[in-house]
1. Residue by residue through the stretch 62-73, what is 3J(HN,Hα) from phi via Karplus (6.51 cos²θ - 1.76 cosθ + 1.60, θ = phi - 60°)? Round to whole Hz and write x for glycine and proline.
2. Compute the FRET efficiency between Asn88 and His205 as 1/(1 + (r/R0)^6), taking r as their Cβ-Cβ distance and R0 = 35 Å, and round to the nearest 0.05.
3. Under a 5 Å amide H to amide H cut-off, with H placed in plane at 1.01 Å, what residues pair with Ala26 once short-range neighbours are removed?
4. Taking H as built 1.01 Å from N, whose amide H comes closer than 5 Å to the amide H of Lys225, not counting residues under 5 places away?
5. Provide the per-residue ³J(HN,Hα) series for the stretch 231-236, in order, calculated from phi with Karplus coefficients 6.51, -1.76, 1.60 and θ = phi - 60°, each as a whole number of Hz, with x at glycine and proline positions.
6. Using r as the Cβ-Cβ distance of Met221 and Asn145, and R0 as 25 Å, what FRET efficiency do you calculate, to the nearest 0.05?
7. Order of 147-156, 171-180 by packing, highest average Cβ count within 10 Å first?
8. Could you compute the FRET efficiency for Glu72 and Glu171, with r as their C-beta to C-beta distance and R0 at 41 Å, rounded to 0.05?
Amino acid sequence: MSMLSDYAVMTPDKAADSGSEGDRHAVLLLRGLVIPLEIGRAMTLGRDDSVDIMLVDARVSKKHAKIYYQSERYYIEDLKSSNGTFVNRKRIAGRTSLVSGDEVLIYPYTMTFRMQGQAKPKKPVPSDIVTRTGKPRHHFSGHLNIMPLPDLIQLLNSSRRAGTLTITVGEGARYELVFVEGEIVHAHGAGKSGEEAVFEALTHHDGDFEFTQSKMERPDMTIKKTTVNLLIEGYRRMDEFTIEESEIPRGTSETVAVRKMPSNES
């Protein structure tokens, strides 16, 4: 079984370029994230911390639904949830098969089911990261208005890079994110460290970045969450900030978490 970080986490426009249903590989699109689904493993959704995709909202049941592959098709099954599971705005009873493009609603979360190519998605490597020979550089830099920070983090995560990502914004303010095997294990900047430094860095959309790849001893770990879950929490915080800025009353706070899959590698 592969770890979640073994997959390229693509943006929704990349995921839209999907293959036929016979290609078998599938993903869920959820709030700008692409969550891979495994053929040999059922994925459970709910608000309990034991599920694979955790949707933290009082309206979601502890174990709300599951998605699994059987007889060359993907199915979603409602697990006798209180508020129901909907596919294309119709409440399902028991299980129903999914086709590419189906909208899945576990209120208040809307997801899209997509079929992909049978092979793992290609890693979205920007042209300025690749040399003329096609080999990745050990050092690269660019601008956040061209390569947004969430996309950059997903790239480093999917390619399992090790090194330091430096973000420079505003009047020379700097953030440093340390990666080991694609996971952010430490961050600091703007007087903050750990997860809070990452969340603060994600609020910046203009500035410069520089990544220096290096093999390093594992530094002091100030971050325990997986990188995918850091991004999910970052998106949630940015959503709340946008709502507060527009003075629209907020409903129940929502959080999404994806359980990291164990690896079969010895």
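Please treat every number below as a calculation from the coordinates, not as lab data. What you see is a predicted model; the values in this text were computed from it and never measured. Quick reminder, even Gly has a Cβ in these numbers, built from the backbone with ideal geometry, and neighbours come from all protein chains shown.
1. 4, 10, 8, 7, 9, 10, 8, 10, 7, 6, 6, 9
2. Using R0 = 35 Å, I get an efficiency of 0.55.
3. Leu37, Gln116
4. Long-range HN contacts for Lys225: none found.
5. Couplings: 5, 4, 5, x, 4, 4 Hz.
6. After rounding to 0.05, the efficiency reads 0.20.
7. 147-156, 171-180
8. 0.10
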